[in-house]
Amino acid sequence: MAEARTIFIVMRKDLVKVLQWPLGSVIAQGCHASVAVMQKFRDDERVKTYVSDVESMHKVVLETKNEASLLKMAENLKQNNIPYYLWTEQPENMPTCLATVPIVRSDLGDSLKKCSLMR
């Protein structure tokens with residue numbers, strides 16, 4: 001069986017723990033990023049395959065410590081040629097999360113190795 005394509009969403013843990021954002025607002029950031037990455041890369045074959053079977057969509061929500069670590073994860077993805085979308089909340093101009101295109105975990109490599117599942 002083929003490995004499932006997954007959208008990896010990386011959220012800033014400090015939005016809740018330090019900045020005390022409401023949980024719903026933080027969840028909305030992840031939603032924004034996942035929709036944005038699908039729209040931006042809509043012609044990518046990985047996206048087309050992913051949306052062709054809506055009953056089998058997979059997402060993994062990870063957390064990283066703060067803005068600096070989020071930007072480091074974005075740089076890791078860029079260096080490994082993995083398309084992603086970094087969501088920046090406006091008008092604050094604050095990067096809050098990112099989402100990758102649907103990708104098989106084995107293609108992710110070490111790009112997000114310092115992230116853990118969001119709790």
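The values are calculated or read from the model by the stated rules, or taken from the named source; none is laboratory data. Computed from a predicted model, the values in this text were never measured in an experiment. Virtual Cβ from ideal backbone geometry, glycine too; neighbours counted across all protein chains shown. Please note that ligands, DNA and RNA were not included when accessible areas were found on the heavy atoms of the full protein model with its side chains. Shrake-Rupley method; radii C 1.70, N 1.55, O 1.52, S 1.80 Å.
Relative to the longest principal axis of the Cα atoms of the chain, helix 23-40 runs at roughly 40 degrees. With a Cα cut-off of under 24 Å and a minimum spacing of 8 residues unless on different chains, the lysine pairs in the chain number 28.
Using a probe of 1.4 angstrom and keeping all protein chains present, the accessible surface of the chain works out to 60 square angstrom per residue.
When its C-alpha radius of gyration is set against 2.2 N^0.38 Å (N residues), region 1-86 gives a value of 1.17. Evaluate E = 1/(1 + (r/R0)^6) for R105 and R42, where r is the Cβ-Cβ distance and R0 equals 25 Å; express this FRET efficiency to the nearest 0.05. Efficiency, rounded to the nearest 0.05: 0.65. Annotation: the antiparallel percentage among DSSP beta bridges lying fully within the chain is about 65. Specify the angular offset, from 0 to 90 degrees and rounded to the nearest 10, of the alpha carbon long axis of helix 67-79 from the longest principal axis of the alpha carbons in the chain. Once rounded, the angle reads 20 degrees.
Out of the total accessible area of the chain (probe 1.4 Å, heavy atoms of protein only), what percent is carbon and sulfur?
52
Each listed q (0.14, 0.17, 0.19, 0.21 Å⁻¹) maps to a log10 I(q)/I(0) for region 43-119 from the Debye sum over equal C-alpha point scatterers, namely -0.50, -0.73, -0.89, -1.04.
For the chain, the 222 nm mean residue ellipticity estimated from helices alone, with every DSSP H stretch of n ≥ 4 adding -39500 (n - 2.57) and the total spread over all residues, rounds to -11000 deg cm²/dmol.
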